[in-house]
Amino acid sequence: MKPPKFAYHAPTTVREAVELLAELGDDVVVLSGGQSLIPMLNLRLANPTDVIDLGGVDGLGDVAARDGGLDVGAMVTHRQMETNDLIASTAPLAQHAAGFIGYRAIRNRGTIGGSIAHADPAAEWPAVVLALDGAITLTSAEETRNVAGDDFFESLFTTAKRPDELVTSVHLAGRFQDNWGFSEFQRRTGDFAAVAVAVGCVITDSSVVEARVALAGVAERPLRCPAAEQALTGPHTGGAAEVAAVARDSFEPVGDSHGSSEYRKRLVFAETHRAVAQALGSDIESIANA
Ligand SMILES: Cc1cc2nc3c(=O)[nH]c(=O)nc-3n(C[C@H](O)[C@H](O)[C@H](O)COP(=O)(O)OP(=O)(O)OC[C@H]3O[C@@H](n4cnc5c(N)ncnc54)[C@H](O)[C@@H]3O)c2cc1C
């Protein structure tokens, strides 16, 4: 299969890339790792006049510490997320989740910025961004702005990013580095998750003072579950199973050829149970083991 004809652009700076985006109009797409875009081109699901390749753009491939968390450049690959020491120490949830994305070949080329811009509701990065109180940096020819992860993912493959904007980096908070959990069910290794659950907690004196529970694969966008977060917060929280039951009862998950809504409800329970137990770990052992 071959892609349709398009004009190819290879900018070397962000400035050049965003000026091209502004100049070329609505029928232009950005190429990062190509792991979603190339199949879409080959299947003629996308038919752009122009493709702007970010592969040679300087400054999008860095990981840097900031405000106790991390700034991750849009072109950092899934594999780099899996193997980078700073990510492992500051955002271990992100490091762990990276290993669930596709296969090694996909992870070698696919990027965090591409995945977030693409906004597949079953993808790992959007849920991780929500669990780690992440924010997305968007750059256009006019401005650079930050959008909280909570406000970024709007619907199926739809985000708060305007067509003239690039995702240039992602900020992940560092305060969840000690208490986090991630669990997902894939029908086969390398498949997208049927349901994935990412949990970030802050625990002080055996009390959960902050909890974020985010799910992928249950709706048209990744979602947090406020009721489960509430059940998890405080000194006398219920067991992991109780939190998981709250999550299960909070959603009517989408059903499709990979699983009915009822089946996904069961998965929400099982994956939330595992992720919450992992996040609580030995800090609140009685809860984790409940
Ligand atoms: C067989 C297979 C299995 C996969 N399994 C999984 C999985 O289990 N979990 C998972 O999460 N993903 C999976 N993926 C998708 C993969 O993670 C992609 O890497 C990801 O969805 C897109 O990242 P990319 O860098 O390849 O972006 P591209 O494919 O280059 O781009 C994707 C879209 O985002 C836009 N875009 C890209 N970068 C930017 C940017 N910086 N700013 C603005 N817009 C941008 C593009 O224009 C395009 O519309 C799989 C892919 C394949 C082929």
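The values are calculated or read from the model by the stated rules, or taken from the named source; none is laboratory data. Keep in mind that this is a model prediction, so the values were computed, not measured. A quick note on method: Cβ atoms are made from the backbone with ideal geometry, for glycine too, and the neighbour counts reach across all protein chains shown.
Results, tabulated for the structure shown:
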item	result
Selection count where residues are in contact (Cβ under 8 Å) with a residue 60 or more places away in the chain and within 13 Å of the ligand (Cβ to nearest atom), scope segment 139-152	2
Failed item, numbered, when residue 188 is tested on (1) assigned by TED's automatic domain parsing to the domain that holds residue 93; (2) free of Cβ contacts under 8 Å to residues at least 12 places away in the same chain	(1)
Criterion (surrounded by fewer than 19 Cβ atoms within 10 Å (Cβ to Cβ), in a helix (DSSP H, G or I), of a type in the set (D, E, K, R) and in contact (Cβ under 8 Å) with a residue 12 or more places away in the chain) met by exactly one of 262, 210, 242, 229	242
Residues located in segment 84-105, provided they are within 12 Å of the ligand (Cβ to nearest atom) and over 11 Å from the mean Cα position of the chain (by Cα)	99, 100, 102, 103, 104, 105
Segment 106-138, residues that are within 9 Å of the ligand (Cβ to nearest atom), part of a loop (DSSP other than H, G, I, E, B) and closer than 22 Å to residue 218 by Cα	119, 120, 122, 123
Filter result for the condition that a residue is without any contact (Cβ under 8 Å) to a residue 60 or more places away in the chain, touching a helix residue (DSSP H, G or I) at 6+ places or on another chain (Cβ under 9 Å) and near the ligand (Cβ under 8 Å from one of its atoms), over 75, 81	75
Long-range neighbours under 8 Å by Cβ, at least six apart or interchain, first residue farther than 16 Å from residue 11 by Cβ and without any contact (Cβ under 8 Å) to a residue 24 or more places away in the chain within segment 22-49, second near the ligand (Cβ under 6 Å from one of its atoms) and polar (S, T, N, Q)	none
Segment 60-105, residues that are in a loop (DSSP other than H, G, I, E, B) and under 17 Å from residue 33 (Cβ atoms)	60, 61, 62, 74, 75, 76, 84, 99, 100, 101, 102, 103
Any hit, segment 160-168, residues being acidic (Asp, Glu) and within 12 Å of the ligand (Cβ to nearest atom)	yes
Segment 161-207: number of residues that are touching a helix residue (DSSP H, G or I) at 6+ places or on another chain (Cβ under 7 Å) and either surrounded by fewer than 24 Cβ atoms within 10 Å (Cβ to Cβ) or in a strand (DSSP E or B) (or both)	24
Boolean, residue 21 is in a loop (DSSP other than H, G, I, E, B) and within 10 Å of the ligand (Cβ to nearest atom)	no
